[in-house]
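Working notes for the structure below.
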Number of protein chains: 2
Amino acid sequence: MVKKNKTTIKDIANVLNISAAAVSKALHNDSRISEKTKKAVRQVAKNLNYQPNHLASALRSGKSKLVGVIVPKTNSNFFSATIHNIEEVLNEEGYNIIITQSNESFEKECKNIDALLYTQVDGIIASMANETVNLEFYEKIKAAGIPLITFDRGENDLNVDYIGIDDYNSSHIIVNHLVEQGCQRIAHIGGFKRTRIFNNRIRGYIDALKKHNLPLDEELLIESDLTVKDGRKKMEQLLALDNRPDAVYVAGDYAALGALQVLQEKEVKIPDEIALVGFGDEPFSAMVTPSITSVNQHSYKIGRIAAETFLEYAKKPKIEQSLNKIILDSDLIIRASSLKKK
Amino acid sequence: MVKKNKTTIKDIANVLNISAAAVSKALHNDSRISEKTKKAVRQVAKNLNYQPNHLASALRSGKSKLVGVIVPKTNSNFFSATIHNIEEVLNEEGYNIIITQSNESFEKECKNIDALLYTQVDGIIASMANETVNLEFYEKIKAAGIPLITFDRGENDLNVDYIGIDDYNSSHIIVNHLVEQGCQRIAHIGGFKRTRIFNNRIRGYIDALKKHNLPLDEELLIESDLTVKDGRKKMEQLLALDNRPDAVYVAGDYAALGALQVLQEKEVKIPDEIALVGFGDEPFSAMVTPSITSVNQHSYKIGRIAAETFLEYAKKPKIEQSLNKIILDSDLIIRASSLKKK
DNA sequence: TATCTTTGCTTAATCGTTTAAACAAATATA
DNA sequence: TATATTTGTTTAAACGATTAAGCAAAGATA
């Protein structure tokens, strides 16, 4: 069963009594090799079950045809879909991707970057962990001279390409919607302020309130790690207020789900007593009862654009990156949790 | 900004006026290199920001220190957690993993296998796509002489290691539980019969009914692709029966969620009119209302064991695999959807 | 003092593929 | 017929790291 000694280009050469170089060229369809030889080479390659050795060609050419992808976690619909689309675009051009997850840990993210650089990837497409504030390791990627594309969670200071939705504006859309529904005391369970996207959502929330002449109540603006558990906790905190909110905008669907549970347990009527809006449009948001209004982040487009951006750099001989933001509009998917019957 | 020309072992050698071989040995802490030289080498390596070229060492040693992981999808809690644990174990031994998803497509899975073999991975840990019946590509892995470990979704015919839970017995545990709750007409929305794990769940269901002297009603045994959508459809189908079931055991949590939605929409009381049990213990199962009873698949253990099994082979010089099943017990997590108040 | 060991390094081959350069043979051009 | 061009191939170096083998110098042993 164990057939070690994989067949190499040399084995094919020996069978046909030609040089290894000729075989290599034949397999790459070089114009200087006769059709006859090419056919023979292909036939023998097939017979011997030849599989090219990626390590050797990558070493020689200096291109590994591998692209590293760093995401905080894969078990989120957004990231999983984004990865899928990145893969689709890159596979077409002969690239394969190495997916790594940071689990929102800075330490793990650093390890992942090292592992990817060590594997000699031709580029990295990344969405940063919540914890990441020190950009030293990302600078390492740039120092390695390979393109770095960020999406969803990026940092201006890195001065590289970024693809994401307009978080600031998304908050406006959400607040507009809630005001339209008649809500006047809108709370925000936001993500960590230090993470850019969450900061933008918070700023958008504050500015949108201002726009509608609604007062900003510090009690109603809460920072959270956006897990289900913390969503529960923060919702309980809001319910304990003397003056409860009449709407809660949660910066993540998981936390929104936690909030939903608490509201149901306390038999608060949704959306009439408190309207609820999440962010990210995870599949379960459409599936729970009541379904949760949420923001779709265009994972489809983001993945494609990130991959295409990488490919553009890959074609160029010299890489000269700069802060280049591609901001997509977001879609508010209005569902039962915020749509009041008139 | 762009520092191409990565520093190599040779650059270090030049600086110190020693040979590249000496540098290599110094970096590997060879006993035949003086402490003085070692220190100097490490210092220069650091100064020049030396990063070893994985491709070169992998080519030379024949070991890439990469392990391929194939899963149907990453946005499932089970697979995501398994991957995480595989990674944890392998990282410790200096291995990195390449995650690929088949999206339940046979074609994609084949492409992934080719890509992994091409990348010269030292082994593959895989869970097969639903669609996969042709094992030709998996045989290719074996032919390449690298270890193949399967988990969750495997095939006896492959004759390789398999780690999974006892699906057959899980069905027994579920049926026992439902009978205990007083259910007599237990339906099963199962996965595809051709997939081994789902087939085992179906067989377990049938045998468990027999054990309890319950008749097997063909109307109550339905095949499904286990998506939310299909879960809805199949539940509607069951509700349309003249003689409705009083319990439904769904072979996947997503489909169970779809079923739950339909039950709620039709205002069927859960669990009193119809009790519901899912499979896989996805996070949302605990989070929806009512929470769904489900089976925990020990993603933690499965990932660890799969990785450890690979490591064992990696240590051996010759690989001789055979059908070697490690079957773990499953845990039934009883929740509101099936627990009747007495 | 002569021989053996150990230490610390160098040389050179190697992994499998790619590719610039060389070259012989066939064909075209003047 | 002599020269230039094209065709189809070979030779050899290279990618960067590893490692068996070799070797000189220093130290140990008899």
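Taken across the stretch A:41-55, residues that are touching a Phe, Trp or Tyr at 6+ places or on another chain (Cβ under 7 Å), within 12 Å of chain B (Cβ to nearest Cβ), assigned to a helix (DSSP H, G or I) and surrounded by 21 or more Cβ atoms within 10 Å (Cβ to Cβ) do occur, with at least one present.
Just give me the residues in the stretch B:73-93 being within 10 Å of chain A (Cβ to nearest Cβ) and part of a loop (DSSP other than H, G, I, E, B), in sequence order. Residues satisfying the conditions are B:K73, B:T74, B:N75, B:S76.
A:A81 meets all of the listed conditions (1) touching a Ser or Thr at 6+ places or on another chain (Cβ under 7 Å); (2) in contact (Cβ under 8 Å) with a residue 60 or more places away in the chain; (3) more than 25 Å from A:G154 (Cα to Cα) but one, namely (3). The single condition among (1) in contact (Cβ under 8 Å) with a residue 60 or more places away in the chain; (2) within 11 Å of chain A (Cβ to nearest Cβ) that B:I99 does not satisfy is (1). For the stretch A:83-105, the criterion of being outside the structural domain of A:H28 (by TED's automatic domain parsing), farther than 28 Å from A:E320 by Cβ and either among the aromatic types (F, W, Y) or touching a Pro at 6+ places or on another chain (Cβ under 6 Å) (or both) is satisfied by at least one residue. Scanning the stretch A:188-223 for residues that are in contact with a Phe, Trp or Tyr (Cβ under 7 Å, 6 or more places away or on another chain), of a type in the set (A, V, I, L, M, F, W, C) and open to solvent by less than 20 Å² (accessible area, probe 1.4 Å) yields a single hit, A:F198. Per the conditions (1) surrounded by fewer than 18 Cβ atoms within 10 Å (Cβ to Cβ); (2) of a type in the set (A, V, I, L, M, F, W, C); (3) within 14 Å of another protein chain (Cβ to nearest Cβ), the sole criterion not satisfied by B:L158 is (1). Here B:E104 does not fit the description of being more than 11 Å from every other protein chain (Cβ to nearest Cβ), more than 13 Å from the chain's Cα centre (by Cα), open to solvent by 10 Å² or more (accessible area, probe 1.4 Å) and without any contact (Cβ under 8 Å) to a residue 40 or more places away in the chain.
Only one of the listed residues (B:I70, B:I9, B:I33) is within 14 Å of chain A (Cβ to nearest Cβ), within 11 Å of DNA strand D (Cβ to nearest atom) and open to solvent by less than 50 Å² (accessible area, probe 1.4 Å). That residue is B:I9. Consider the stretch A:130-151 and keep the residues that are away from chain B (no Cβ under 14 Å) and open to solvent by less than 10 Å² (accessible area, probe 1.4 Å). The one that is nearest to the chain's Cα centre (by Cα) is A:F151. For the stretch B:271-326, the set of residues classified as more than 30 Å from B:I186 (Cα to Cα), assigned to a loop (DSSP other than H, G, I, E, B) and either under 14 Å from the mean Cα position of the chain (by Cα) or of a type in the set (A, V, I, L, M, F, W, C) (or both) consists of B:I319, B:L323, listed by residue number.
The values are calculated or read from the model by the stated rules, or taken from the named source; none is laboratory data. Keep in mind that this is a model prediction, so the values were computed, not measured. Please note: Cβ atoms are built from the backbone with ideal geometry, for glycine as well, and neighbour counts cover all protein chains shown. Note: accessible area is taken over every heavy atom of the protein model, side chains too, but ligands, DNA and RNA are not part of it. Shrake-Rupley method; radii C 1.70, N 1.55, O 1.52, S 1.80 Å.
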